[in-house]
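Just below is one structure, and these are the notes that go with it.
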Amino acid sequence: MKISSVYIIATILFSSVSLLAQHKISGTVSNNKDKPIAGAQIFLDSVNTNVKTNKNGEYQVFTMGDPKAIHVYTPKYGLLSHDYQGEQKVDFVYIDGRLSSGERLSNKDKISIGYDEEDEKYIAVKIDVVDAEERIDATRFLSIYDLIRDRLPGVRVSSDNKITIRGVNSLISAQDPLFVVDGNVVSSIDYILPVDVDKISVLKGSEASIYGSRGANGVILIKTKK
């Protein structure tokens, strides 16, 4: 009886902690005529949540932490950003319908959200993406470097796993590109297993400028499977 009571109490406490740690953010996305926008992508900081608004322009996302910003992106209207202050409900309204990124992208384009330090604003940029689904057998790669060497055109990986992105002009060309894993900048990607990779993207030139001087040698974005 005592064991059962302890188990029940422990279960309740664990569930309570889990609920407290997880935040739900919901809201709507509409245009300047108060019409709902369906299919708009929701980002938390620079991470694509893979959540899109429904036919009523509604969305709902869960986060285990407190993001600094919430973004909504649609090819027709562009990017809107909101500095997150712990709200449970965040609505977006496109006032003039102009693209924030300055470029009209198609529905098939893959994008990344980053912060342009020079202009002090968030922007959306088109990126080249390698999806995990394109790989026949991820287990045949011994390391993340073998995966990058095999699947990313324009990226050179030396025998000692030094990575160089072709077409990058930099005064600090001896350094590796910037690595961003699941929205976080990391100093090394040695710990990542090929089978855990969902997507790999490459940014260079103006696309990498959203990371400021840190992206001078290009940026490799890695999204892992959840």
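Overview of results
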item	result
Number of positions in the range 43-64 that are assigned to a strand (DSSP E or B) and either surrounded by fewer than 22 Cβ atoms within 10 Å (Cβ to Cβ) or modelled with pLDDT of 95 or more (or both)	12
Criterion violated by residue 192 - all others in (1) assigned to a strand (DSSP E or B); (2) among the aliphatic types (A, V, I, L, M); (3) free of Cβ contacts under 8 Å to residues at least 60 places away in the same chain; (4) within 15 Å of residue 152 (Cβ to Cβ) satisfied	(1)
Residue under evaluation residue 131, criteria (1) modelled with pLDDT under 70; (2) exposed (fewer than 12 other Cβ atoms within 10 Å of the Cβ), criterion not met	(2)
Index of the failed condition, residue 213 passing every other in (1) touching a strand residue (DSSP E or B) at 6+ places or on another chain (Cβ under 7 Å); (2) among the hydroxyl-bearing types (Ser, Thr, Tyr); (3) at pLDDT 75 or above	(1)
Residues of the range 87-109 satisfying the condition of being under 20 Å from the mean Cα position of the chain (by Cα) and either at pLDDT 70 or above or closer than 19 Å to residue 58 by Cβ (or both)	90, 92
Near pairs, Cβ below 6 angstrom, 6+ apart or cross-chain, from the range 199-218 (surrounded by 18 or more Cβ atoms within 10 Å (Cβ to Cβ)) to any residue that is among the polar types (S, T, N, Q)	216/170; 217/170; 217/175
Subset of the range 50-94 (residues that are of a type in the set (D, E, K, R) and under 20 Å from residue 183 (Cα atoms))	52, 66, 68, 83
Residue match in the range 25-38 (condition: on the phi > 0 side of the Ramachandran plot, assigned to a loop (DSSP other than H, G, I, E, B) and at pLDDT below 90)	yes
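Conditions (1) farther than 14 Å from residue 214 by Cα; (2) modelled with pLDDT under 70; (3) over 18 Å from the mean Cα position of the chain (by Cα), marked per residue:
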{"position": "136", "(1), (2), (3)": "yes, yes, yes"}
{"position": "142", "(1), (2), (3)": "yes, no, yes"}
{"position": "152", "(1), (2), (3)": "yes, no, yes"}
{"position": "156", "(1), (2), (3)": "yes, no, yes"}
{"position": "171", "(1), (2), (3)": "no, yes, yes"}
{"position": "177", "(1), (2), (3)": "no, no, no"}
{"position": "190", "(1), (2), (3)": "yes, no, yes"}
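The values are calculated or read from the model by the stated rules, or taken from the named source; none is laboratory data. A quick note: this is a predicted structure, and the numbers were derived from the prediction, not measured. Virtual Cβ from ideal backbone geometry, glycine too; neighbours counted across all protein chains shown.
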